[in-house]
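Below is one structure; the comments refer to it alone.
The values are calculated or read from the model by the stated rules, or taken from the named source; none is laboratory data. Note that the coordinates shown come from a computational prediction; the quantities given were computed from them, not determined experimentally. So basically every Cβ, Gly included, is an ideal-geometry build from the backbone, and we count neighbours across all protein chains shown.
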Amino acid sequence: MGNVPSTQTTYQIPGDLIEAQQFSLNEDYHQYLRSMVMRLLEGADLIPDSLLYWKKRISIISGSGTKRTVSMLRGLATKSPQLMLTYPGYKCQHAEWVLAIMKWRRWLAWDDLQYQLCLSADINYQWRKKMAVTTVDSFANIVTALMPLFLPSAILEGFEDYRNAVLSLPLIRPNALYSSRALSSHLVFKVLAAEWRQEGTKLLYHQGGGGYGIEPLLAMEDYEIRVSDRYYSWGWDRPDRPVYQLSPATPSYSKRLQAKYKLLLNCVDFPKVPHRLQCLPMPGTIETMHRRTCDFLTFLPDRRGVLIRPYPHDYGWGFTDNLRKAAPEAIFDNHRKRSITRFAESRLVVHNYLGTAWLETLALNIPTVCFYDSDAYAFRTEVQPWIDTLEQLGILHQSGKSAAQFFVSLNNDPEGWWDKREVQEARQNFIARYANFSPDWKLHWEREFELVLD
């Protein structure tokens, strides 16, 4: 992460979307934003002229990628693809994915657009300050006031140069452009998608994670559906907008691999600052998630043979250290294997959150238990009956203690519980709508893309 200036004297404008995303996770940056809000509420000037110039009036805008990565992807691509894949987010084995790309290479190119762009832009502080003036009488007005001050220069002062650099890249416009992750922060992709769509290219976008179709309000879902020509879900639909069902690139092995662990505790963690508008643990409820995860381990009578997979990024909570204290005899994963592989190696997988992973284990038919905080998560009206059923059957719990007690009640036979008719029926009905993964995904993709390209 780039250095964030002192919150007492200066403010910094991010160069591009990735840098803005990095800043959004920085506690000092949030402290400075809060101080700006307080200045607004007190009626003070947002930025005294003495603070207008931070270092040089230059912001560096850079892309990402290496020559080796770019060269490798070009080797798997036709020079004039009908369909280009960017950040497809595949979950199948890498070899299976590459074989599929090789099979389709006459009409498809996999290109993550990892070109390096280095540009500079003069920051127009006076214009930003002028645009930030507003009457502060609501939250929306506060956002309106602050936005001009913190917009990345790549989409403001530097946008013309950035756009020209992107459009100068050695690319041939395809008939269709596909992704499942690039709309979040991949600015090269966003520029190309906007420009190419005006010339007739179709934007195909795929659900890239959990929560979609399940949470009552998901800004990314609405945005992705709105800007795409054809939007693909993992099984759900919407009455107000067209959504098409398409399996993601999913693993093809079953749960019947040799189990090495009696239980896998799969953990997530979150930053100490609010970072998105979504139904998930935020500061205040993250601590509850931590406590309930440790409770789960504490209430297990025997933690031998338990594999704990902590979140790979340390946000400074000391969460992993607390897990080690709660279960010193457990095994801690080193993340050398993919999560999907660890799922298949475990007789039962327990998740301390509701995101992508629990949908994956349900779809793979691996015995699954989740515990979650009802103060942090919410569900759409049409989803709630499914959630209630999964809770009644023991798949979902609202505390770590409850999940641990349920595991103990299985008497070391999670398969016996999981294979019960009522459990399997509920699982199959749920995943058909919210995690409809298929080992035949390649056939489904071919049929769909042939239809679109025709």
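If you take just the strands (runs of 3 or more DSSP E) that sit entirely in region 99-205, which of them hold at least 3 residues that are of a type in the set (S, T, N, Q)?
Numbers: elements: 108-110, 118-122, 176-179.
Passing ranges: none, list empty.
Right, PHE139: aromatic (Phe, Trp, Tyr) and exposed (fewer than 14 other Cβ atoms within 10 Å of the Cβ) or not? Steps first, please.
Details: aromatic (Phe, Trp, Tyr): yes; exposed (fewer than 14 other Cβ atoms within 10 Å of the Cβ): yes.
Yes: the conditions hold for PHE139.
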If you take the residues in region 167-181 that are of a type in the set (A, V, I, L, M) and modelled with pLDDT of 95 or more, which one is farthest from MET131 (Cα to Cα)? ALA176
Return the total of residues in region 418-430 being crowded, with 19+ Cβ neighbours inside 10 Å and within 19 Å of TRP234 (Cβ to Cβ). 2
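Does region 372-386 include one or more residues that are outside any helix (DSSP H, G or I), of a type in the set (S, T, N, Q), surrounded by fewer than 14 Cβ atoms within 10 Å (Cβ to Cβ) and under 22 Å from the mean Cα position of the chain (by Cα)? Quick ask: steps written out before the conclusion?
Of all residues in region 372-386, those outside any helix (DSSP H, G or I) come to 372-383.
Those still in the list that are of a type in the set (S, T, N, Q) too: 374, 381.
Within this subset, residues satisfying the condition of being surrounded by fewer than 14 Cβ atoms within 10 Å (Cβ to Cβ) are 374, 381.
Pick out the ones that are also under 22 Å from the mean Cα position of the chain (by Cα) and you get 374.
Within region 372-386, one or more residues are outside any helix (DSSP H, G or I), of a type in the set (S, T, N, Q), surrounded by fewer than 14 Cβ atoms within 10 Å (Cβ to Cβ) and under 22 Å from the mean Cα position of the chain (by Cα).
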Tell me, please, whether a residue that is surrounded by 15 or more Cβ atoms within 10 Å (Cβ to Cβ), at pLDDT 80 or above and either charged (D, E, K, R) or not in a helix (DSSP H, G or I) (or both) can be found in region 31-39. no
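Is it true that PHE332 is free of Cβ contacts under 8 Å to residues at least 60 places away in the same chain and within 15 Å of LYS262 (Cα to Cα)?
Considered against the rule, which asks whether it is free of Cβ contacts under 8 Å to residues at least 60 places away in the same chain and within 15 Å of LYS262 (Cα to Cα), PHE332 comes out as yes.
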Name every residue in region 273-313 that is modelled with pLDDT under 95 and crowded, with 21+ Cβ neighbours inside 10 Å, in order of residue number. LEU280, PRO281
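Here is a yes/no grid of residues against (1) of a type in the set (D, E, K, R); (2) over 25 Å from the mean Cα position of the chain (by Cα):
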{"residue": "ARG291", "(1), (2)": "yes, no"}
{"residue": "LYS325", "(1), (2)": "yes, yes"}
{"residue": "ILE331", "(1), (2)": "no, yes"}
{"residue": "ASN334", "(1), (2)": "no, no"}
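Being of a type in the set (Ser, Thr, Tyr), farther than 22 Å from LYS337 by Cβ and within 24 Å of the chain's Cα centre (by Cα) is the filter here; which residues of region 78-110 pass it?
Step one: list which residues in region 78-110 are of a type in the set (Ser, Thr, Tyr), which gives 78, 80, 86-87, 90.
The next check asks that each one be farther than 22 Å from LYS337 by Cβ; those that pass are 78, 80, 86-87.
Correct list: THR86, TYR87.
Collect the residues in region 387-414 that are part of a loop (DSSP other than H, G, I, E, B) and of a type in the set (S, T, N, Q), keeping them in residue-number order.
As a first pass, look at region 387-414 and keep what is part of a loop (DSSP other than H, G, I, E, B): 393-395, 398-399, 410-413.
Answer for region 387-414, where residues must be part of a loop (DSSP other than H, G, I, E, B) and of a type in the set (S, T, N, Q): GLN398, SER399, ASN411, ASN412.
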Kindly indicate whether any position in region 77-98 is assigned to a helix (DSSP H, G or I), farther than 28 Å from GLY158 by Cβ and either in contact with a Cys (Cβ under 9 Å, 6 or more places away or on another chain) or at pLDDT below 60 (or both). no
Which of (1) surrounded by 13 or more Cβ atoms within 10 Å (Cβ to Cβ); (2) without any contact (Cβ under 8 Å) to a residue 60 or more places away in the chain; (3) in the same structural domain as GLN31 (by TED's automatic domain parsing) does ARG163 not meet, given it meets every other one? (3)
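Just a yes or no: is a residue in region 362-379 in contact with a strand residue (DSSP E or B) (Cβ under 8 Å, 6 or more places away or on another chain), assigned by TED's automatic domain parsing to the domain that holds TYR311, of a type in the set (Ser, Thr, Tyr) and closer than 30 Å to GLU96 by Cα?
First pass over region 362-379, keeping only residues in contact with a strand residue (DSSP E or B) (Cβ under 8 Å, 6 or more places away or on another chain): 362, 366-372.
Cutting the leftovers down to assigned by TED's automatic domain parsing to the domain that holds TYR311 gives us 362, 366-372.
Applying the additional criterion that residues be of a type in the set (Ser, Thr, Tyr) yields 368, 372.
If we keep only those that are closer than 30 Å to GLU96 by Cα as well, we get 368.
The answer is yes, given that some residue of region 362-379 is in contact with a strand residue (DSSP E or B) (Cβ under 8 Å, 6 or more places away or on another chain), assigned by TED's automatic domain parsing to the domain that holds TYR311, of a type in the set (Ser, Thr, Tyr) and closer than 30 Å to GLU96 by Cα.
Out of region 209-223, which residues are farther than 14 Å from ARG276 by Cβ and surrounded by 14 or more Cβ atoms within 10 Å (Cβ to Cβ)?
Residues of region 209-223 farther than 14 Å from ARG276 by Cβ: 213-214, 216.
Residues satisfying the conditions are GLY213, ILE214.
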Restricting attention to region 314-339, and to residues there that are within 20 Å of ALA404 (Cβ to Cβ) and among the aromatic types (Phe, Trp, Tyr), which single residue is surrounded by the fewest Cβ atoms within 10 Å (Cβ to Cβ)? PHE332
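Could you grab me the full set of residues in region 297-336 that are of a type in the set (Gly, Ala, Ser) and touching an Asp or Glu at 6+ places or on another chain (Cβ under 9 Å)? Outline the logic, then answer.
Residues of region 297-336 that are of a type in the set (Gly, Ala, Ser), as a first pass: 305, 316, 318, 326-327, 330.
Listed by number, the residues that qualify are GLY316, ALA326.
Quick check on this structure: which one of ARG241, ARG226 is more than 27 Å from PRO367 (Cα to Cα), over 17 Å from the mean Cα position of the chain (by Cα) and modelled with pLDDT of 95 or more? Don't jump to the end; show me each part of the working.
On the way: ARG241 fails: modelled with pLDDT of 95 or more.
So the residue among ARG241, ARG226 that is more than 27 Å from PRO367 (Cα to Cα), over 17 Å from the mean Cα position of the chain (by Cα) and modelled with pLDDT of 95 or more is ARG226.
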Condition broken by ARG238, with the remaining ones in (1) surrounded by 20 or more Cβ atoms within 10 Å (Cβ to Cβ); (2) assigned to a loop (DSSP other than H, G, I, E, B) satisfied: (1)
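Please verify whether ALA326 is touching a residue at least 24 places away in the same chain (Cβ under 8 Å), in contact with a Phe, Trp or Tyr (Cβ under 6 Å, 6 or more places away or on another chain) and hydrophobic (A, V, I, L, M, F, W, C), treating the condition exactly as stated. Before the answer, list the steps.
Working: touching a residue at least 24 places away in the same chain (Cβ under 8 Å): yes; in contact with a Phe, Trp or Tyr (Cβ under 6 Å, 6 or more places away or on another chain): no; hydrophobic (A, V, I, L, M, F, W, C): yes.
Criteria not met by ALA326.
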